[in-house]
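Everything on this sheet refers to the single structure shown next.
The values are calculated or read from the model by the stated rules, or taken from the named source; none is laboratory data. Predicted, not measured: the structure shown is a model, and the values here were computed from it. Backbone-built Cβ (ideal geometry, glycine too); neighbour counts: all protein chains shown. Quick note on the areas: whole protein, heavy atoms, side chains included, nothing else; ligands and nucleic acids left out. Shrake-Rupley method; radii C 1.70, N 1.55, O 1.52, S 1.80 Å.
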Number of protein chains: 2
Amino acid sequence: MEQIQEAIQRRAADIEEIIRAYLPAETGYQRTVLEAMNYSILAGGKRLRPMLMQETYKMFGGSGREVEPLMAAIEMIHTYSLVHDDLPAMDNDEYRRGRKTTHTVYGEAMGILAGDGLLNLAWETAMQAFPMGEQGETAHMQRIAGAVAVLARKAGVYGMIGGQTADIQAEEAEQVSMEQLLFIHEHKTAALIQAAMMAGAILAGANEQQIRQMERCAYNIGIAFQIQDDILDVTGTMEELGKPIGSDEKNHKQTYVTIRGVEASAREVERLSREAMEILSSVEEDSGFLRELTAFLIHRRK
Amino acid sequence: MEQIQEAIQRRAADIEEIIRAYLPAETGYQRTVLEAMNYSILAGGKRLRPMLMQETYKMFGGSGREVEPLMAAIEMIHTYSLVHDDLPAMDNDEYRRGRKTTHTVYGEAMGILAGDGLLNLAWETAMQAFPMGEQGETAHMQRIAGAVAVLARKAGVYGMIGGQTADIQAEEAEQVSMEQLLFIHEHKTAALIQAAMMAGAILAGANEQQIRQMERCAYNIGIAFQIQDDILDVTGTMEELGKPIGSDEKNHKQTYVTIRGVEASAREVERLSREAMEILSSVEEDSGFLRELTAFLIHRRK
């Protein structure tokens, strides 16, 4: 376990450098929004989405640097969603990871604009994956276009934004069905993980079936991750969780665990996790790190 | 004048159909955000940006349908910027064009998500310009990538979002310099017009010099459009303007006109307009409609 943690930390440090290379310099009349964007994205996330993208890319034999702008782009998308989620009209959070949220520091208008700026910068950055000179070849450009298109779809109203919408509406509803709950987890949590692994696979030239397998594998990782989170809310310690224990129940929030119970939920996490591992093993013998990373992600903080 | 107005209306009706083809069906657990997005974009804008894109594309000999997803995308970007601009933390507007603003109808959280959804949908839509089968050729794909990249840059922190940031900060400042004012107009207003004309030119295969000329031409159109707006605020009638006359002065808002006076401002509009026309004539003899459209845009409501 310690070995994998060290390996993850080393990779996260490399990814940090890649992301920084695509961040704006804080100058000009629009300086404030640039500062707010950098403040948001440099808050020290675990960079799991770019890491999953890069590792999937490598697993399918990718070895170029074309994946780097897309790694930066997916982290910008993840970050903008947190910035907008924290706004007063949304979750109204003053702190995130022990640090003041963007709108708390820069004001609400800048919080909105910094989120918009990060989402748009994600696409400016993703477009840099295209070779703009003469050296591009058609198949290569089609892979890039395919990867960017998947990222765009999974981030949007048929992906993450769709999940956020359903989540907000579920909070207002009295009763949430299991179908609705899984829709929320699939879209709000799993969609960007799917984007990460699918984009990595597409860029590396994986075939259609392999891309579908990555979509399925990432679905399992996302849902297992989320159920594990709900289990920890009931069984974990304050220290492990970073938020008060049982806060879901106190907020009358319905989760997988409140509907199915802890034991059945833990069995479902195991099932999803095992299936994800099997997919990775079946796709590629050389999936060792990605399998360890998956296990670490799902069983983290336990 | 009436003839050009009719021609513009006919083209706007065609563009309306193109935009509708890319809008989401209002179904699923995320239905509310889809409804809010459609409500926002179907509020009856003049579709000037897609029109300028299409006409520039045609002027440079473009005749395919690859321009259509980008036309829809630029209108989605324009619309999201209005939705977020109207939010309570920004301009706090309850009405736009005599219709309740998006957040007034759907609530503030949905206003934020609908804007995010439209911005993201713009990139999902733009990516559809790429031929995804085998038929793509490299030069063609590079033109599309170039057009999408220009759109992304002009919409972001070095374009429109940069202008919005500077505008918000200017409102809080006691004194605004002419340099700052022109920065705001260039970025907040002209940048998307530049994106429209440059993307149209790039898609049609225009050369580097022609693309620069379109950037300059669109700059002139955007700045002239904005100064003309400020002139009308002083000299126009309530009916022409759609808002109370002299509202800038009442809001202590510094404009080109409050700094330079009406006469000098009108001369500047003429100069910018004449230069834009000259560029269009020099680039292409067959620029008749685009020149008329430019004149109409700049001298509208007079």
When the range A:150-206 is examined, which residues are found to be under 18 Å from residue A:228 (Cβ atoms), surrounded by fewer than 20 Cβ atoms within 10 Å (Cβ to Cβ) and within 11 Å of chain B (Cβ to nearest Cβ)? A:182, A:186
Which residues, taken from the range A:75-111, are under 20 Å from the mean Cα position of the chain (by Cα) and of a type in the set (A, V, I, L, M)? A:76, A:77, A:82, A:83, A:87, A:90
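Does residue B:28 satisfy the condition of being at pLDDT below 95 and surrounded by fewer than 23 Cβ atoms within 10 Å (Cβ to Cβ)? Give the steps one after another, and end with the answer.
Details: at pLDDT below 95: no; surrounded by fewer than 23 Cβ atoms within 10 Å (Cβ to Cβ): yes.
Here the answer is no, as residue B:28 does not meet what is asked.
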May I ask you to say which residue of B:44, B:61 is open to solvent by 30 Å² or more (accessible area, probe 1.4 Å) and within 19 Å of the chain's Cα centre (by Cα)? B:44
Pairs, please: C-beta under 9 Å, at least 6 apart or cross-chain, first residue touching a residue at least 60 places away in the same chain (Cβ under 8 Å) and in the range B:208-228, second among the aromatic types (Phe, Trp, Tyr)? B:210/B:60; B:214/B:60
Check whether at least one residue in the range A:110-132 is open to solvent by 10 Å² or more (accessible area, probe 1.4 Å), within 12 Å of chain B (Cβ to nearest Cβ), modelled with pLDDT under 95 and more than 30 Å from residue A:285 (Cβ to Cβ), and report yes or no. yes
Looking at residue B:156 and the list (1) in contact with a helix residue (DSSP H, G or I) (Cβ under 6 Å, 6 or more places away or on another chain); (2) more than 30 Å from residue B:59 (Cβ to Cβ); (3) modelled with pLDDT of 95 or more, which single condition is not satisfied? (2)
When residues of the range A:136-149 are limited to those that are surrounded by 19 or more Cβ atoms within 10 Å (Cβ to Cβ) and among the hydrophobic types (A, V, I, L, M, F, W, C), the one farthest from the other protein chains (Cβ to nearest Cβ): A:147
Just wondering, is there one or more residues in the range B:81-88 that are touching a strand residue (DSSP E or B) at 6+ places or on another chain (Cβ under 9 Å), assigned to a loop (DSSP other than H, G, I, E, B) and within 14 Å of chain A (Cβ to nearest Cβ)? yes
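Would you call residue A:201 part of a loop (DSSP other than H, G, I, E, B), at pLDDT 95 or above and either within 17 Å of the chain's Cα centre (by Cα) or more than 20 Å from residue A:81 (Cβ to Cβ) (or both)?
no
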Among the residues of the range A:32-63, count how many are farther than 24 Å from residue A:102 by Cβ and free of Cβ contacts under 8 Å to residues at least 24 places away in the same chain. 1
Filter result (part of a helix (DSSP H, G or I) and touching a Ser or Thr at 6+ places or on another chain (Cβ under 8 Å)) within the range B:118-154: B:118, B:138, B:141
Looking at the range A:90-109, is at least one residue open to solvent by less than 10 Å² (accessible area, probe 1.4 Å), more than 8 Å from chain B (Cβ to nearest Cβ), among the hydroxyl-bearing types (Ser, Thr, Tyr) and not in a helix (DSSP H, G or I)? yes
Please work out which residue is modelled with the lowest pLDDT, limiting yourself to the range B:162-198 and to residues that are farther than 23 Å from residue B:151 by Cα and small (Gly, Ala, Ser). B:173
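With the structure loaded, tell me whether residue A:38 is part of a helix (DSSP H, G or I) and out of contact with any strand residue (DSSP E or B) (no Cβ under 9 Å at 6 or more places or on another chain) or whether it fails that test.
On the way: part of a helix (DSSP H, G or I): yes; out of contact with any strand residue (DSSP E or B) (no Cβ under 9 Å at 6 or more places or on another chain): yes.
Judged against the criteria, residue A:38 is a match.
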Among the residues of the range A:2-20, is there at least one that is of a type outside the set (Lys, Arg), part of a loop (DSSP other than H, G, I, E, B) and open to solvent by 10 Å² or more (accessible area, probe 1.4 Å)? no
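Among the candidates A:286, A:229, single out the residue that is modelled with pLDDT under 95, open to solvent by less than 70 Å² (accessible area, probe 1.4 Å) and either among the acidic types (Asp, Glu) or part of a loop (DSSP other than H, G, I, E, B) (or both).
Working: A:286 fails: open to solvent by less than 70 Å² (accessible area, probe 1.4 Å).
Step by step, each of A:286, A:229 is checked, and only A:229 is modelled with pLDDT under 95, open to solvent by less than 70 Å² (accessible area, probe 1.4 Å) and either among the acidic types (Asp, Glu) or part of a loop (DSSP other than H, G, I, E, B) (or both).
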So which residues in the range A:23-41 are under 23 Å from the mean Cα position of the chain (by Cα) and over 18 Å from residue B:167 (Cα atoms)? A:23, A:24, A:38, A:39, A:40, A:41
Which number in (1) of a type in the set (D, E, K, R); (2) under 17 Å from the mean Cα position of the chain (by Cα); (3) not in a helix (DSSP H, G or I) marks the one condition that residue B:55 misses? (3)
